[in-house]
Amino acid sequence: MAGGAIVSTGPIKNYNGGMTAFVFITCVVAATGGLIFGYDLGISGGVTSMNEFLKKFFPSVYKRMNDDSIKQSQYCKFDSQLLTSFTSCLYLAALVASFFASAVTRIFGRKISMLIGGTVFLVGSIINGIASNVLMLIIGRLLLGVGVGFANQSVPVYLSEMAPAKVRGALNMGFQLAITIGILVANLVNYGTAQMKKNGWRWSLAIAAVPAVIMSVGSVLLPDTPNSLLERGHMEKAKSMLEKIRGTSEVDEEFQDLMDASQQSKMVEHPWRNITQPRYRPQLVMAILIPFFQQLTGINAIMFYAPVLFKTLGFGDNASLMSAVITGLVNVFATFVSIFTVDKYGRRFLFLEGGIQMIVCQILVGTLIGLKFGTTGEGSMSKGYSDLVLILICVYVAAFAWSWGPLGWLVPSEIFPLEIRSAGQAINVSVNMFFTFIIAQIFLNLLCHMKFGLFLFFAAWEIVMTIFIYFFLPETKNVPIEEMNRVWKQHWFWGKYIPDDAVAGGIQLSAGKSVA
Ligand code: BGC
């Protein structure tokens with residue numbers, strides 16, 4: 001095949017074969033991996049606002065929240081490090097797990113990672129459901145985190161590898177759709193269990209077992225991706241799998257490119273050291289900055305603490321849980337906008353439009369809250385006023401749901417060449433988890449200290465990320481995944497990092513080596 005010195009900047013390839021029913025079903029099953037993540041994101045806010053749960057596990061917090069003799073500002077009512085650590089510890093476990101998951105995904109394949117993710121998560125949800133002390137709660141949460149780490153590592157990569165390039169964006173977004181459905185289901189479950197006299201929180205936590213079972217069973221039934229089969233040396237199987245998923249036997253060109261990429265990746269002994277080479281600089285920067293920016297949109301302030309936030313805004317208990325259901329619904333439906341447009345209008349358009357919409361909403365929300373509560377946090381909102389804030393939050397959630405939400409997972413998963421794919425995805429997942437952890441841990445504290453300024457703080461970050469995308473992210477729609485280097489090579493800034501030999505035949509060649 002291509003020698004190290006061949007430079008080809010020809011047109012992006014268009015492989016044979018399109019979307020098949022087989023790929024579609026496979027991806028639907030795999031995307032349920034997003035359900036377990038979403039369920040976690042959505043469940044803890046409601047659970048930690050349930051009195052029975054607080055009384056049992058965090059009595060001091062319960063006392064403080066209900067003690068009217070303590071004069072507290074609206075902004076600080078719910079600030080408790082202990083309580084937020086219940087929410088956040090999961091994401092630390094996911095962070096650590098994603099590094100193990102990276103090795104498992106590469107050596108044993110994407111399926112095994114999904115299976116491990118599903119089963120560990122299942123055990124965690126059972127322990128949480130029967131928890132009788134804080135230790136059990138935390139152990140359960142940590143196991144859930146391990147499950148999330150494995151799922152988030154393997155599912156997006158699986159989806160990107162299975163999908164034909166033309167619809168890769170839409171298929172990959174099945175993952176984000178599953179996340180949003182998970183969040184919505186969690187919000188609905190909380191709304192239901194909060195009405196129960198006893199043990200509502202137990203049900204909320206234990207129902208996480210349902211998506212875990214779907215994912216575990218699903219992963220056993222799923223086929224491996226051709227890329228992963230090749231990576232593990234099964235050439236024949238890889239070829240027939242590619243024919244099967246593309247629905248045609250004319251897959252020679254795509255298969256050849258997969259083989260080149262795979263051979264190339266085998267020559268790389270140290271994916272971790274490798275990813276720090278200058279030639280992978282654009283991918284490395286994106287693997288770090290995209291998840292970082294995604295969390296700095298402030299979305300999880302809403303996802304984790306919507307019920308608490310709405311209570312702060314003066315909604316009653318039920319109305320707060322209901323408002324969380326409303327934002328959850330908006331989140332799901334707006335994701336479809338992205339699914340239907342991402343491969344047509346491209347990633348950049350959605351990033352930029354969504355970014356601007358979020359900036360406007362956050363500035364308005366910050367200003368409205370500031371006007372009512374000022375810096376002292378005293379005062380209240382009329383119904384019309386708080387409804388307006390709710391509507392703006394919904395418009396903000398919609399913007400996130402068709403931009404940074406799905407694209408935050410899609411773009412990193414499609415830009416890594418095979419030889420650094422697992423390592424790159426691990427960085428993506430761990431940075432995401434790290435900042436999810438940070439936001440979960442400090443949001444209520446930040447709200448207490450920065451007050452309405454917190455929303456302006458997020459708006460400022462949104463301005464930075466929108467400018468970043470405008471200048472630094474090239475369009476990747478419809479580009480076959482093993483051909484991505486051409487895109488970087490043509491970019492005004494990143495082009496200089498990509499050696500000429502790296503675009504030969506669309507594959508990445510290690511410095512000084514050529515594939516014979
Ligand atoms: C993010 C989560 C967020 C969710 C909201 C995901 O893409 O990674 O942190 O809670 O979107 O839908």
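Please sort through the DSSP H helices of the chain and keep those with an alpha-carbon extent of at least 24 Å along the long axis and a Kyte-Doolittle average not below -1.0. Helices meeting the span and hydropathy rule in the chain are 81-108, 110-129, 134-162, 168-193, 317-345, 347-373, 383-402, 418-450, 453-472. Backbone amide hydrogens, once placed in the peptide plane, bring Gln490 within less than 5 Å of nothing, excluding anything fewer than 5 places away on its chain.
Given charges of +1 on the Cβ of Lys and Arg and -1 on the Cβ of Asp and Glu, with all other atoms neutral, how large is the dipole of the chain about its Cα centre, in debye to the nearest 20? Don't skip to the end; give the middle numbers.
On the way: 38 positive and 30 negative charges, 199 e Å.
That gives a dipole near 960 debye.
Determine, for each peptide in 459-467, 417-425, 89-97, the mean count of other beta carbons within 10 angstrom over its residues, then list the peptides with the highest first.
417-425, 89-97, 459-467
For segment 298-439, what does the relative contact order come out to in percent, with C-alpha contacts under 8 Å and a separation of six or more? For segment 298-439, the relative contact order is 33 percent.
Remark: segment 206-313 carries a charge dipole of roughly 620 debye about the Cα centre, counting +1 on each Lys and Arg Cβ and -1 on each Asp and Glu Cβ. Pairs with C-alpha atoms separated by more than 30 Å, drawn from the list Lys198/Lys311; Lys55/Lys372; Lys244/Lys496, are Lys55/Lys372; Lys244/Lys496. Taking every alpha-carbon pair under 8 Å whose residues sit at least 6 apart, segment 71-144 reaches a relative contact order of 33 percent.
Mean residue ellipticity, 222 nm, helices only, the chain: the sum of -39500 (n - 2.57) across DSSP H runs of n ≥ 4, divided by residue count and rounded to 500, is -24500 deg cm²/dmol. With neighbours defined as other Cβ atoms within 10 Å of a residue's Cβ, the residues His449, His491 order from fewest to most as His449, His491. Summarised in one figure, the compactness ratio Rg/Rh of the chain, Cα atoms and Kirkwood Rh, is 0.99.
Bear in mind these aren't lab numbers, they're just calculated from the coordinates by the rules spelled out. It should be emphasised that the depicted structure is a prediction, and the values quoted were computed from it without experimental measurement. Every residue, glycine among them, receives a Cβ derived from its backbone with ideal geometry; neighbour counts consider all protein chains shown.
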